[in-house]
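Notes follow once the structure below has been shown.
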Amino acid sequence: MLNEPVVGDEFFDRTDIMKNLGLRSEQMLSGNRRNIGLIGLRKVGKTSIIWEFMRQNSHFVHNYIYIKEKPTKTMFRKILGSVLYTCMGHADIETDQIWMTTDKNLKELTMRWVQVNPIIAKLSFQIRDAINEDAEPEELLDLIFGLIQQISEYKKASNQKPLVLIFDEFQNFALWGDNILETLRENLMMQKNVWWIVAGSSISMMENIINASSSPLYGHFETIYVGPFEYSDARTYLTSTLDGILISETHLSYIIDITGGYPYYLASIGLKLCDIAQNWNVHNISKNALLEAVTQDVFYRSGNIYKHCHQLIVNSLEKKGLDTYLTILSAIALGNHRFSEIARYIEKPGSSLTYPLERLIASDLIVKNDKAYDLADPILALWLKHVYILREESYIPELELKLDVFKSQISQMIDEFKDELGHARESQIREIFTKKGYTVASGNLGKDEFDLIIDGDEGLILGEVKAGNVNIEQVYKLLDKVKRIKKIRTVDKVILFALFGSSEQAKQICVENEIEMWDLEKVNNERKRFGLVRLKM
């Protein structure tokens, strides 16, 4: 399932983070505890990291708890039941309905502890009664953490595996009451044998809870920031999702660009492309196939990305004033990044913007850099600009016409991206030779176009940049162009820049015809010589 954590063979490499967690687990086992706080936006892959860590580390008992915004009876029953169930050991629990978080099942689960440790059983009954009596959240948490402390001492005395408490969406604790964070700090300090790993998707709230000096939890967690994939990792992840279906490097780059490298979005569009390839009975992703995948996932209400963007806004903001929030988000999506520009777009005085902008920043929907506001999520920016405004704000009534406009906009975006990407790569190649001291140009010689033209003291050097796996047909086309130039003047060197590799036959033809072939490694080695940033493909 797309929304399920990815573990095992499907988990994609987060080498540095997993290495760090592995080191901290070894330190915990040797008695040196360093609690961990994972911070990253929604859909960036934090939960998958947690579950993969749990899978890999069998030296601990892992108690995973998802914290909701409201401290209901069900929430507390779930926390209590999770602790009792996990620490008992799954092998000791019969396969009946005891795993359901009902009052009756909590009683039955607690009874299993009577023979193991009567003190733990007694504390569990006290907590169960307190939940039924609607005790305050601070009191219930104190009781539960007291139980956890008792369990950890019992486990240590009997040489059992230590306990890891894992709280997902940890920032929601702060919504439970003014004294909750102080309660957490007091119990965290007491539980020397329990390791805490927490994760949160509200960056501003997590920063205030973990890293603000005014917070009771300040200094108790090592912060690990979880970001989207780097380009190379995103490319590998996306191609593995496509499972052998062919796709051009330009289309790969476009998907990575609009998704920002977020694994959820990459997987969603990748899986949609797989469905389309199967339905269309094709093995190569054309522009039309890519356009259809984006349409189904982003434009249609049934699409995973459409539903996520809609829920992201609705769940992040209060209903009162939602229209104002959406108008501000739309203004930014359309390129209005300054305060004055946003005020002009929504046609309201600037004084009315202060609170909603602060609220949008606190919800991690927008970020402020210097004096400019921008959307934090690239897919949300695309959805607002090309879907929400078109579907909800435009004067076009017919859905089919709206669909046509959307496809036209995305088609144009793909074409413009292809042109910009090609020009950028060509410019980065020419930059190397400029650093070498050459006068570099591009354009036409006669009727033939070349990406690199150097006409100087060392003679005529011609070059062509290919953003894709180079085949023999492309080499022969380059040879034909060079032959036409040689009819009118001498060509001293020809370079073919195969940034994404080439076939062995293409390499052989280049050798036979004295064409230099530069792959990405050689290009980057040359850029490194002159202090230039590496090309990321």
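Per DSSP H run of n ≥ 4, the term is -39500 (n - 2.57); total these for the chain, divide by its residue number, and report the mean residue ellipticity at 222 nm rounded to 500 deg cm²/dmol. Write down the numbers at each step before the final one.
On the way: 21 runs with 270 residues, N = 537.
So the calculated ellipticity at 222 nm is -16000 deg cm²/dmol.
Along Cα→Cβ, 7 Å out, is where each label goes; now give me the distance between the ones at Met190 and Arg529 in nm to one decimal.
Computed distance between label sites Met190 and Arg529 equals 6.7 nm.
Give the whole-number value, in cubic angstrom per residue, of the convex hull volume spanned by the C-alpha atoms of the range 200-298.
In the range 200-298, the Cα hull volume divided by residue count equals 107 Å³.
Among bridges DSSP assigns within the chain, what percent are antiparallel (round to 5)?
30
Please sort 38-48, 351-361 by packing, taking for each peptide the average over its residues of neighbouring beta carbons within 10 angstrom, highest first.
Output ranking for 38-48, 351-361: 38-48, 351-361.
What distance in nm separates the two pseudo spin-label positions at Val116 and Lys493, each 7 Å out from Cα along the beta-carbon direction?
That separation, rounded to one decimal, is 7.2 nm.
Looking at the P(r) of the range 8-225, how many percent of alpha-carbon pairs lie beyond 29 Å? Spell out each step's value before the answer.
Working: 5726 of 23653 pairs.
In whole percent, the long-distance tail amounts to 24.
Of Thr183, Thr15, how do they rank once you tally other Cβ atoms within 10 Å and put the fewest first?
On the way: Thr183 20, Thr15 8.
Neighbour counts put them in this order, fewest first: Thr15, Thr183.
Which GluC sites (Glu not before Pro) in the range 174-264 sit in a loop by DSSP (not H, G, I, E or B) and have at most 15 other Cβ atoms within 10 Å of their own Cβ?
Values: sites: Glu182, Glu186, Glu207, Glu222, Glu230, Glu249; in loops: Glu230.
Loop-located and lightly packed - Glu230.
For Ile39, what is the net charge nearby, where nearby means another residue's Cβ is under 9 Å from its Cβ and Lys, Arg count +1, Asp, Glu -1?
Working: positive: Lys46; negative: Glu207.
Overall, the nearby charge balance is 0.
Multiply the residue separation of Glu318 and Thr223 by 0.36 nm, subtract the distance between their alpha-carbon atoms, and state the gained length in nm to one decimal.
On the way: separation 95, 0.36 × 95 = 34.20 nm, distance 2.91 nm.
Full extension of this stretch gives 31.3 nm more.
What's the FRET efficiency of Ala372 with Glu347 using the Cβ-Cβ distance as r and R₀ = 35 Å, to the nearest 0.05? Each step should come with its number before you reach the end.
Values: r = 20 Å, r/R0 = 0.59.
So the FRET efficiency works out to roughly 0.95.
Any of Lys46/Lys320; Lys73/Lys161; Lys19/Lys46; Lys287/Lys418 with alpha carbons more than 19 Å apart? Name them for me.
Cα-Cα > 19 Å for Lys46/Lys320; Lys73/Lys161; rest within.
Compute the acute angle (0 to 90°) between the alpha-carbon long axis of helix 263-280 and the principal axis of greatest extent of the alpha-carbon atoms of the chain; round to the nearest 10°.
Between helix and principal axis, roughly 60 degrees.
Pull out a ≥ b ≥ c, the square roots of the eigenvalues of the alpha-carbon gyration tensor of the range 339-391, then state rounded if a/c is under 1.5, prolate if not and a/b is larger than b/c, and oblate in the remaining case. List each step's numbers first, then the result.
Numbers: a/c = 1.95, a/b = 1.27, b/c = 1.54.
In terms of gyration-tensor shape, oblate.
Work out the FRET efficiency for Ser213 and Glu133 from their Cβ-Cβ distance, taking R0 = 30 Å, and round it to the nearest 0.05. Walk me through the numbers before you get to the answer.
Working: r = 37 Å, r/R0 = 1.24.
The calculated FRET efficiency here is 0.20.
When a/c is below 1.5 the answer is rounded, else prolate if a/b is larger than b/c, else oblate, so apply that to the range 302-427 with a ≥ b ≥ c taken from the square roots of the Cα gyration tensor eigenvalues.
Details: a/c = 1.78, a/b = 1.30, b/c = 1.38.
Judged from the Cα gyration tensor, the range 302-427 comes out oblate (a/c at least 1.5, b/c at or above a/b).
Compute, for the range 306-393, the length of the dipole vector about the Cα centre, with Cβ point charges of +1 (Lys, Arg) and -1 (Asp, Glu) only. Units Debye, rounded to 20.
On the way: 11 positive and 11 negative charges, 15 e Å.
In debye, rounded to 20, the range 306-393 gives about 80.
Looking at the range 397-537, send over the antiparallel percent of its DSSP beta bridges, to the nearest 5. Walk me through the numbers before you get to the answer.
On the way: 10 of 21 bridges.
For the range 397-537, the DSSP antiparallel bridge percentage is about 50.
Only four residue types carry charge here, +1 at the Cβ of Lys and Arg and -1 at the Cβ of Asp and Glu. Report the dipole size of the range 432-529 about the Cα centre in Debye, rounded to the nearest 20.
On the way: 17 positive and 17 negative charges, 38 e Å.
It works out to roughly 180 debye.
Quickly work out the Asp16-to-Phe417 label distance, labels modelled 7 Å from Cα along the C-beta direction, and quote it in nm with one decimal.
2.5
Of the labelled options (i) 1.21; (ii) 1.02; (iii) 0.98, which one gives Cα Rg over 2.2 N^0.38 Å as computed for this structure?
Structure-derived value, by its label: (i).
If R0 is 22 Å, what FRET efficiency do you get for Glu458 and Lys486 from their C-beta distance, rounded to 0.05?
Working: r = 17 Å, r/R0 = 0.76.
Step by step, r from the Cβ atoms, then E = 0.85.
Coordinate-derived values only; no laboratory data. Since we're looking at a predicted model, the values are computed, not measured. All Cβ positions, glycine included, derive from the backbone under ideal geometry; neighbour counts span all protein chains shown.
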